[in-house]
1. Which Cα, out of 293, 375, 339, lies furthest along the positive dipole direction of the stretch 283-376 (beta carbon charges, K/R +1, D/E -1)?
2. Modelling each spin label as a point 7 Å along the Cα-to-Cβ direction, I'd like the residue 330/residue 716 distance in nm, to one decimal.
3. Largest first and in whole Å, give the semi-axes of the stretch 481-623's equivalent ellipsoid, each being the square root of 5 times a Cα gyration tensor eigenvalue.
4. Using R₀ = 22 Å, calculate the FRET efficiency as 1/(1 + (r/R₀)^6) where r is the Cβ-Cβ separation of residue 140 and residue 184; round to 0.05.
5. Treat each spin label as a single point 7 Å out from the Cα along the C-beta direction, and report the residue 463 to residue 487 distance in nm.
6. Just list whichever of 636/682; 338/636; 569/656; 468/491 have alpha carbons separated by over 20 Å in the model shown.
7. Which value, in debye to the nearest 20, gives the size of the charge dipole of the stretch 519-659 about its Cα centre, when Lys and Arg are +1 and Asp and Glu are -1 at the Cβ?
8. Under a point-charge model restricted to the Cβ atoms of Lys and Arg (+1) and Asp and Glu (-1), what is the dipole moment magnitude of the stretch 176-226 relative to its Cα centre, in debye to the nearest 20?
Amino acid sequence: MSVLSKYVDRIAEKCEHSGITKHAFSYAIVTSAILALTIKVTIPYVKNVHTSSSVRAQKGKTNGKLSPTKIDSAEEDFQLAEAEKLLVAQQLKKKTTNNFVEPGLNKEFLKHLKMLAKIMIPQAFCYETGLLSIHTFCLISRTFLSIYVAALEGALVKFIVRKDIKQFGLVLLKWFGIAIPATFVNSMIRFLESKLSLAFRTRLVRHSYRLYFKNQNYYRVSNLDGRIENADHRLTEDISVFANSIAHLYSSLTKPCFDLMLIGLALMRSSRKMKANIITGPALSIGVIALTAHILRIVSPKFGQLVSEEANRYGYLRHIHSRIITNAEEIAFYGGHKVEMQQLRQAYNRLVNQMTTIFNQKLWFIMLEQFFMKYVWSGTGMIMVSLPILTGSDVGLETVRNTVITESRVSERTQYLTTARNLLISAADAIERLMSSYKEIVSLAGYTFRVAGMMDVFEETALGVYCKTSVMELNLSNGIIEFRNGKPIAKGRIIYSDDPENMSISLRAVPVVTPNCDIVVPKLTLCIEPGVHLLITGPNGCGKSSLFRILSGLWPIYAGELQIPRPVKDVPCMFYIPQRPYMSIGSLCDQIIYPDTREDMKRKHITENELRSILKMVSLQHIAQRDSFDVVRDWKDILSGGEKQRMAIARLFYHKPRYALLDECTSAVSIDVESSIYEIAKGMGITLLTITHRPTLWKYHTHILEFDGLGSWQFRKMNGDEEQKDQFIS
């Protein structure tokens, strides 16, 4: 910049020699800069208008039909922009219909912040209060050190004016000496702020994890409730940003308050020494600051809503990425990369548009803010510093003309001016941080809204209160589902039986209802005794897997009554095996005993030889021969589809439940191995509830439950030579 300014000065001198004044030269430079900025802003806009018009013209020429050539990037961006408008309009309509409350500085923000504060600081005397106390002590110490350093700098200037080398050297040694504790305190403030943020985050994460895994909330939030689309982002990124924001906000608010209070007292004491009025300067500064703060508060954009929406769009972008990673193989088989890329670009464009909006809002607001803080406040500070000198009493100078006294007064004024200037700079910095903290508070309101909203949803879903888009009108439920405030109410009861002689599962007038409130079966009544091996058949979407979800407690019961045996220690009541079994992270032993741990296995006194016997039952003994039980591998990719299903059956034989819910769990297993598995399961005394399309499995069941797909069902005992109906074979 210095080289550029010298170059401009030389050009200005040459122009002045040519008869052009410096004022005219300055006006020419400013006009050129404005013209260049106008051209820079106008050209992209003209290009966009021209591109849009050409796209419309091309569409008109082809009568709305796409040409065989590829769509160019300009037309693609235009389509994405139109899709963005529709998506935003839908979201605004959804928020309006659901009485959506925008995040901001309101009662809801204070309520949510109070709730989160109780989680972050659960007790009056805890680790977090200790950190806050030490942090507060360091902030106060830093303020006193700032005042002391300002006084030392004033003394240095005083002794320079007096030419007192000895006193100057002593004060300079003090100045270097105070630098060591000052730098240590500054480092401690940053260190304690980081520790405080981490402590707050740890408390919030632990509390959130407890809620997330309470009553299988991890399933309910994503499948039964529609208010949180990306719980993983809120549990990680949002909690982290919220903890950092509130820890930094504590420093941003506390230290400036201490600075203003103590610096104000120091300035009043300095003004009293100068025998000046101590009320005029502070009153002037308070009036100017209050006026500018009121103006900034009125014109400030709604940063809380903007930041909350930015976090929401960022989370949605991560959600799209995770979907592509999870379903990469299916997308590759279909060749759907164009569709997925378009969705990614659309999500990214939404995020870019939101960030651009925030940048544009900050541009003019920061300009106005800097005008008040840098210039209006600086001018006010100059007036404050000058008032004690201009209005101070000079009694004695008119009568006493001693040179030493005059020089002493000059040095004292210089000392006061230097000290007051440094204190005012610190005070202005403190006020600026307080004013800037308003934006941080508004941004904090956005993150508070998301974190507190997540915990509210977790608590409601744990209690069985869900909110999801319903596919059915309220007046079409025929009294099966009761709605309250637009939310379905689960009025059904689950009764756990403790009678060892009554281990049956019974349903009395229980409707099979999907999370979208779609009634599949209006009323289902049946009783399954131990030893009643039930085969469940019917067309797709008739409620077969839905029944298993109701029996497992994953889906709420909106009416009727479900009675199941209470789980006994180490013997689960029901064990569900899906068609695509889940392979956990861990060793081969962990796959067999899941969801038990090694400690649970030792407590049950189960040895590795028994695990080998279990693997032999499902024809997986070759895996134990190839790898030890302690080897850790990516079993999801190592095992084939049939091996995964047999590993899930091995878990069934390990846990030996009373009832086994088998949902197409042997579709990839050979018929001979499948027959052996069913024989072994029946020999262990496990009652089988099976969903299958294989006719070979009918002989292992005693009863059948048939759904017709229209809401009707039939529960009866099977004949010995009964075969599967053709309409259910797929």
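1. 375
2. 3.7
3. Rounded to whole Å, the semi-axes are 34, 18, 16.
4. Details: r = 15 Å, r/R0 = 0.67.
The calculated FRET efficiency here is 0.90.
5. 0.7
6. Working: 636/682 28 Å; 338/636 28 Å; 569/656 12 Å; 468/491 17 Å.
From the list (636/682; 338/636; 569/656; 468/491), the Cα-Cα distance tops 20 Å for 636/682; 338/636.
7. With Lys and Arg at +1 and Asp and Glu at -1, about 220 debye.
8. Details: 8 positive and 2 negative charges, 46 e Å.
With only Lys, Arg, Asp and Glu charged at Cβ, the dipole is about 220 debye.
The values are calculated or read from the model by the stated rules, or taken from the named source; none is laboratory data. Please read these numbers as outputs of a predicted model, since none were measured by experiment. Positions of Cβ are backbone-derived with ideal geometry, glycine not excepted, and every protein chain shown enters the neighbour counts. Heads up: the accessible areas ignore ligands, DNA and RNA and are worked out on the full protein's heavy atoms, side chains in. Shrake-Rupley method; radii C 1.70, N 1.55, O 1.52, S 1.80 Å.
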